[in-house]
1. Restricting to DSSP H runs of at least four residues, report the calculated mean residue ellipticity at 222 nm for the chain, -39500 (n - 2.57) per run over all residues, nearest 500 deg cm²/dmol.
2. Which entries in the list LYS46/LYS77; LYS87/LYS114; LYS46/LYS79; LYS27/LYS87; LYS21/LYS87 go over 30 Å, if you measure between the two C-alpha atoms of each?
3. Arrange the following residues from fewest to most other Cβ atoms within 10 Å of their Cβ: TYR118, TYR67.
4. With r defined as the distance between the Cβ atoms of LYS46 and GLN109 and R0 fixed at 41 Å, what FRET efficiency is calculated, to the nearest 0.05?
5. If the chain between LYS79 and GLU128 were fully stretched, how many nm would it gain, using 0.36 nm times the residue separation less the Cα-Cα distance?
6. Pulled fully out, how much extra length does the chain show between GLU57 and MET30, if you take 0.36 nm times their separation in residues and subtract their Cα-Cα distance?
7. On the Cα set of the range 16-121, report Rg and Dmax in Å, please.
Amino acid sequence: MELLPEGQKNNTNVTFEDQQKINQFSKLIMRKDAIEQELNIQRQEKEYSDDVSLELELIDEDEPVQYKVGVIFLHLKQKEAVEQLEKDMESTQGRIDELESEQDGLDAQLKELKGILYAKFGDNINLER
């Protein structure tokens, strides 16, 4: 089985350190994918919370509201529900900020590794998706 294009020869030896860098690159890509999935979930949660916030503003202040906490619903006053939702939205935004920061760090590491690996292996390695 030929992995290189016909006529192209591989004259680069892969050292243990090179293999470690390739493995690290793969692990970073998998972590980045997991972060991206979590970011999508958190962003969707924030969007839902924004919609709920708008709906809560329209509800009568005396009317009880069912507010979901984990797997149960609590009956809260409208004002209490708004306050709790604001806390939850701050928490969600904090988590989004953490994930984006971690993603930026991973991007920097990936860029560095990609540069090192392409410098050594050139067209003999494909690190693109």
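Coordinate-derived values only; no laboratory data. Everything numeric here is computed off the predicted structure, so don't read it as measured data. Don't worry about glycine lacking a Cβ; one is built from the backbone with ideal geometry, like all the others, and counts go over all protein chains shown.
1. Value at 222 nm, helices only, nearest 500: -25000 deg cm²/dmol.
2. Long pairs (Cα-Cα over 30 Å): LYS87/LYS114; LYS27/LYS87; LYS21/LYS87.
3. Fewest-to-most Cβ neighbours within 10 Å comes out as TYR118, TYR67.
4. Numbers: r = 27 Å, r/R0 = 0.65.
Here the calculated transfer efficiency is 0.95.
5. Extending this stretch completely gives an extra 12.6 nm.
6. Extra length from GLU57 to MET30 when fully extended: 5.6 nm.
7. Gyration radius and largest Cα-Cα distance of the range 16-121: 21.1, 69 Å.
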